[in-house]
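The values are calculated or read from the model by the stated rules, or taken from the named source; none is laboratory data. Every value quoted in this text rests on a predicted model; they were computed, and no experiment measured them. No Cβ is skipped: glycine too gets one built from the backbone with ideal geometry, and neighbour counts run over all protein chains shown. Accessible surface is based on the protein model in full, side chains and every heavy atom, while ligands, DNA and RNA are left aside. Shrake-Rupley method; radii C 1.70, N 1.55, O 1.52, S 1.80 Å.
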Amino acid sequence: MNITAPPAVTRATFDEVMVPNYAPGGFIPVRGHGARVWDQAGKEYVDFAGGIAVSAVGHTHPEVVAALTAQANKLWHVANVLTNEPAIRLAKKLVDATFADRVFFCNSGAEANEAALKLARKVAYDAFVAAHGKDKLGDFDKTEIIAFDNSFHGRTLFTVTAGGQAKYTEGFGPLPADIRHLPYNDIAAAEQAVSARTCAVIVEPIQGEGGVTPGEPAFLKRLRELCDQHQALLIFDEVQSGAGRTGKLYAYMNLGVTPDVLTSAKGLGGGFPIGAMLTTNAAAKAFGVGAHGSTYGGNPLACAVAEAVLDILLRDGTMAGVATRRKLFVQGFESLNQRFGVFSAIRGDGLLIGCQLAPEFAGKGKELVKCAEEAGLMVLIAGPDVMRFAPSLLIAEPDIAEGMARFALAIEKFIDQVRTSAAAAAKAA
Ligand SMILES: *Cc1c(COP(=O)(O)O)cnc(C)c1O
């Protein structure tokens, strides 16, 4: 019998065995409940990050755990050669709660967007073939996809190319063709660009990774009109803005603009991998039998969990609570800012909040994340200049207050650090 305990894995082990595409924080979380997380050493953290807008109802919500364990004891997987009850129930609830008539399930946001972009190409192709027949395909050119600078749509080659950050596609070419980027919130640029050649416009109603930048309602409305005018699909990427984050199930519901395709993931599974593409009957027709698929998409475990999350989101009080909590967060950040002057703007919608670092601290977001970690607080950045917060939609008031107290300590240390190194640099110069 082996009497030595298995070697403990540590953060250092990560650097030895993992592909180095991530730079995770210094601690390894082992347990979470609600808006609190504990690491290997038993240190407790307040979670203002929510796993990047994923843990919509907090960690280990009892109803979600119950749904997962109940399903775990029944059936995990059958693949899409058969359907299953949780998938059909979840699809029905999503259809009932949104503009959509049809749902396609997958496992992530990137896959949901991949499906949406493929669908848009296929819708345009099918329409052309119906009108002109396959003989004329040499004339078919309705393949252009319009996307926006600073957007983020995932990391598959198609979705990363649709994304508007060149650093994420560098070195991965040749890239999928006929994707064009325009400045976000620029109505005139969109009016110039969208044409008969456009098969889709893909846009985040609020840019998340790109800096927590809300789309202006007039801009999004104009995109709707341009898509109607040119028979292009309007795709809303609500992977981050959806699942109750803005105080409505999906952000489009606040805007008076209805997309043809909506992608959801992150918060929809509350931490279990799932993605969904929602669309209309008219567009869904282009995905006939065999046109697209996924082995795990719509698997019973993921769908049972997402159903439990959705039930909580749609329950009285959850969505209304988002506005109340946003107020507490914004008040907290404003009062910290009165003390410290670290932010030049506080923006976002609902519980997707961005605090732009003041010029003195620009580019130093990661340092503040590190200081927060030391103070027992989990926060995010959205680019180097914006602090991002995407906590549980159910985070309790005392957790917010405690997190703000810890954030104050973190900011104090951060400012001290920044000024000390600036002074040292000035002296050396
Ligand atoms: C996170 C994100 C994605 C990608 O989701 P994955 O699950 O990481 O593939 C796509 N779009 C937006 C807006 C996101 O925030």
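General remarks:
- Within the shell defined by Cβ-Cβ distances under 12 Å, the residues around Leu223 carry a net charge of -4, with Lys and Arg each +1 and Asp and Glu each -1.
- DSSP bridge analysis restricted to the stretch 152-290 gives an antiparallel fraction near 45%, rounded to the nearest 5.
- Label sites at Gln338 and Val9, each approximated as a point 7 angstrom past Cα along Cα to Cβ, lie 4.6 nm apart.
- Exceeding the 19 Å Cα-Cα cut-off - candidates Lys122/Lys142; Lys370/Lys413; Lys93/Lys221; Lys248/Lys327: Lys93/Lys221
- Using the Cβ-Cβ distance between Ala424 and Ala218 with R0 = 35 Å, the FRET efficiency computed as 1/(1 + (r/R0)^6) comes to roughly 0.15.
- The charge dipole of the chain, taken about the Cα centre with unit charges on the Cβ atoms of Lys, Arg (+1) and Asp, Glu (-1), comes to about 200 debye, rounded to the nearest 20.
- Folded to 0 to 90 degrees: helix 300-314 orientation relative to the chain principal axis, Cα: 70 degrees
- Shape of the stretch 1-91 from the C-alpha gyration tensor: prolate (a/c of 1.5 or more and a/b above b/c, with a ≥ b ≥ c the square roots of its eigenvalues).
- Here the peptides 137-144, 267-274, 104-111, 339-346 are ranked by packing, the mean other Cβ count within 10 Å, and the order with the highest first is 267-274, 104-111, 339-346, 137-144.
- The stretch 148-210: chymotrypsin sites (Phe, Trp or Tyr not before Pro) falling in loop per DSSP and having at most 13 other Cβ within 10 Å: Phe172
- Each label point was placed 7 Å from the Cα along the Cα-to-Cβ direction; for Arg31 and Val330 their separation is 3.7 nm.
- Against the chain, whose longest principal axis is taken from its Cα atoms, helix 109-132 shows a tilt of about 10°.
- Mean-position separation - Cα centroids, the stretch 85-111 and the stretch 411-429, in angstrom: 50 Å
- Farthest toward the positive end of the dipole of the stretch 75-314, out of Ala286, Ala232, Ala162, is the Cα of Ala286, where the dipole comes from beta carbon charges about the Cα centre.
- Euclidean distance of C-alpha centroids, the stretch 220-268 and the stretch 138-180, integer Å: 19 Å
- Mean residue ellipticity (222 nm) of the chain, computed from DSSP H runs ≥ 4 via -39,500 (n - 2.57), nearest 500: -12500 deg cm²/dmol
- Beta bridges by DSSP in the stretch 75-314, antiparallel share as percent, to the nearest 5: 40 percent
- Relative to the longest principal axis of the Cα atoms of the chain, the long axis of helix 62-72 makes an angle of roughly 50 degrees.
- Placing unit charges on each Cβ (+1 for Lys and Arg, -1 for Asp and Glu) gives the chain a dipole about its Cα centre, and among Gly109, Ala345, Met387 the Cα reaching farthest toward its positive end belongs to Gly109.
- Inter-label distance, nm, simple model (7 Å from Cα along the C-beta direction), Asp178/Thr83: 3.2 nm
- Charge dipole magnitude, Cβ of K and R +1, D and E -1 - the stretch 75-314, Cα centre, debye nearest 20: 320 debye
- Per residue, in Å², the accessible surface of the stretch 75-314 once ligands and nucleic acids are set aside, probe 1.4 Å: 40 Å²
- Relative protection proxy for 127-136, 29-38, from highest mean packing down: 29-38, 127-136 (other beta-carbon atoms within 10 angstrom).
- Within the accessible area of the chain (1.4 Å probe), percent carbon and sulfur: 57 percent
- In terms of its C-alpha gyration tensor, the stretch 54-173 has an oblate overall shape, because the principal axis ratio a/c (a ≥ b ≥ c, square roots of the eigenvalues) is not below 1.5 and a/b does not outweigh b/c.
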